[in-house]
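Data first, discussion second: the structure below is written as structure tokens.
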Amino acid sequence: MRSPYFIIGLALVGALPAWAQTTNTPTSVGQVIQDPITEPIQKYDTLRVLVIGEPLYTGTSEFKVSADGTIELPRIGQVRVAGNSNLKAASFIEQRLKSGKFLKEPHALVTIIDRKRKEVSLNGAVGIQGRRVLREGTRLSDVLEEAGLAQLADLEKVEVTRGKEVLAINYKKFRNGLDNSETVNPFLEDGDRIFIRLGEPTEGTVKVVGEVKDLTKPQLSISQGSTFSQVLSMVGGITDYGDRKGVFLIRGTQRIPVPYDEIVGGATDKDIKLLDKDEIHIPRLEKPSQYTVMGGVRTAGPVPLQGKVTLIQAFANAGPLEGAKRKDIQLFRKGTDGLYPKKPKKLSIEDGIEASTVLQDGDVVIIPDPSRGNKFDFNQVLSTLGSMIWISSLLRR
């Protein structure tokens, strides 16, 4: 006589096609990958329940999980299964069959054969419209960027309909790097409907001149309502050597100062709406401020000093080598006579106050190199630094 485990093994083999049908390969953002062995059972799943020796539970018996997380089974009635693994659900069924004295040694097998997918729909000014399968943690940006936004998409008024509520989202703030909050890039929920309108037709072109990261777009098309921040994001923003306080706009015979710092700080009322033939000018800093990081780091050399940079930020940005010491970091800072001292100030980034030291123009930070210990020839450091500054000045001419 065959053992029950042999029979269960045959049942498992017979169930393999059903498992294969429920395991999906992701094809888009949020594709649900269903694993009927390890993934917990959810509400509205369809289950196949097989019990060896019980004709009411055959290999074709299918049961849908209700909204309260239960299934209704022959003989034993309701069994709560949602949130449990297949094996645990099978164990519950076996216990009920045994306690009800329907079978002495029941052996059950539970598989998920269908699952209600979580979806959102996307329509309007995008490259690919339609439904998107949703996974946990999917944000608006995941769906929009994969679908491809139309050139004239109105990103200031993206609509997300959720039940009876309509969320008006200024996605342009997120795309321009002005705001990374959930307000402008929310998490999506099952059933959300996303719609993007087309903006106004092209109304002209603007020219961008100076210290921007993408020099391949000297002229850009604009639509009604296009702003300085929007156009600047299209050319990658300002380089490290751009004079952020000296940005200006040429409009006809006018020279209009642009409050760059206020705009990137979120003051949308300061963002300038552009007109046809406007020219945006980003001048270069006359004397760029910089500090230098040397020693046990992956990126050694001069670094542009824009805004407030602390010692710990400089340490992290330079990419410390494995084993680089966080103590005995040497800081050389010019005195009032314009010369470097012979002995550096030693700091530790494990000390909160010292880690917050704000760097100044000309500072030299030396991270102890784990392969060399703390032995530094400062004359060699100054020589190397001088060479770097000389080469940098040649490149700026």
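What the table shows:
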quantity: Leading residue at positive end of dipole, the stretch 256-312 (Cβ point charges), from G301, G265, I280; calculated: G301
quantity: In sequence order, calculated HN-Hα J values of the stretch 305-314 (Karplus, 6.51, -1.76, 1.60; Hz; x Gly/Pro); calculated: 9, 10, x, 8, 10, 9, 4, 5, 5, 4
quantity: Mean Cα-pair separation over length for the stretch 104-153, i.e. relative contact order, pairs under 8 Å, 6 or more apart, %; calculated: 32 percent
quantity: Dmax and Rg, reported as Rg then Dmax, of the stretch 264-377 (C-alpha, Å); calculated: 18.3, 60
quantity: Under-5 Å amide H pairs with G124, H placed in peptide plane, nonlocal only; calculated: I196
quantity: Burial order of peptide ranges 264-272, 131-139 (average beta-carbon count within 10 Å, highest first); calculated: 131-139, 264-272
quantity: Relative contact order %, the stretch 220-322, counting alpha carbon pairs below 8 Å whose residues are six or more apart; calculated: 25 percent
quantity: Magnitude of the charge dipole, the stretch 208-309, Cβ model with Lys/Arg +1 and Asp/Glu -1, debye to 20; calculated: 180 debye
quantity: Charge context of L178, other residues only, Cβ under 11 angstrom, K/R +1, D/E -1; calculated: +1
quantity: Burial ranking of peptide ranges 164-170, 116-122 (average Cβ count within 10 Å, highest at the top); calculated: 116-122, 164-170
quantity: Largest-first ordering by accessible area, 1.4 Å probe, given options M234, M294; calculated: M234, M294
quantity: Extension gain, E145 back to E62 (0.36 nm per residue minus Cα-Cα distance, nm); calculated: 25.9 nm
quantity: Relative contact order (%) - the stretch 85-239, alpha-carbon pairs under 8 angstrom, separation at least six; calculated: 19 percent
quantity: Rough spin-label spacing in nm, given labels placed 7 Å along Cα→Cβ, for S233 and E94; calculated: 5.7 nm
quantity: Centroid-to-centroid separation of the stretch 304-351 and the stretch 167-205 [C-alpha atoms, Å]; calculated: 41 Å
quantity: Ranked order, R175, R96, R80 - accessible area, probe 1.4 Å, largest first; calculated: R80, R175, R96
quantity: Above-threshold pairs, the threshold being 20 Å between Cα atoms, out of K88/K118; K64/K104; K325/K345; K173/K287; calculated: K88/K118; K64/K104; K173/K287
quantity: Relative frequency of Cα-Cα separations exceeding 22 Å in the stretch 196-325, percent; calculated: 48 percent
quantity: Derived scalar couplings ³J(HN,Hα) [the stretch 72-89; Karplus, 6.51 cos²θ - 1.76 cosθ + 1.60; whole Hz; x for Gly, Pro]; calculated: 9, 10, x, 6, 9, x, 6, 10, 7, 10, 4, x, 10, 6, 4, 5, 5, 4
quantity: Highest-first arrangement of 47-54, 177-184, where packing means the average Cβ count within 10 Å; calculated: 47-54, 177-184
quantity: Net +/- balance of residues flanking E105 in space, Cβ distance below 9 Å, scoring K and R +1, D and E -1; calculated: +1
quantity: If the convex hull is drawn through the Cα atoms of the stretch 90-191, its volume per residue in Å³; calculated: 150 Å³
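The values are calculated or read from the model by the stated rules, or taken from the named source; none is laboratory data. Quantities reported herein were computed from a predicted structural model and do not represent experimental measurements. Counting neighbours? That spans all protein chains shown, and the Cβs are built from the backbone with ideal geometry, glycine included. Only protein heavy atoms, including side chains, enter the accessible area calculation; ligands, DNA and RNA are left aside. Shrake-Rupley method; radii C 1.70, N 1.55, O 1.52, S 1.80 Å.
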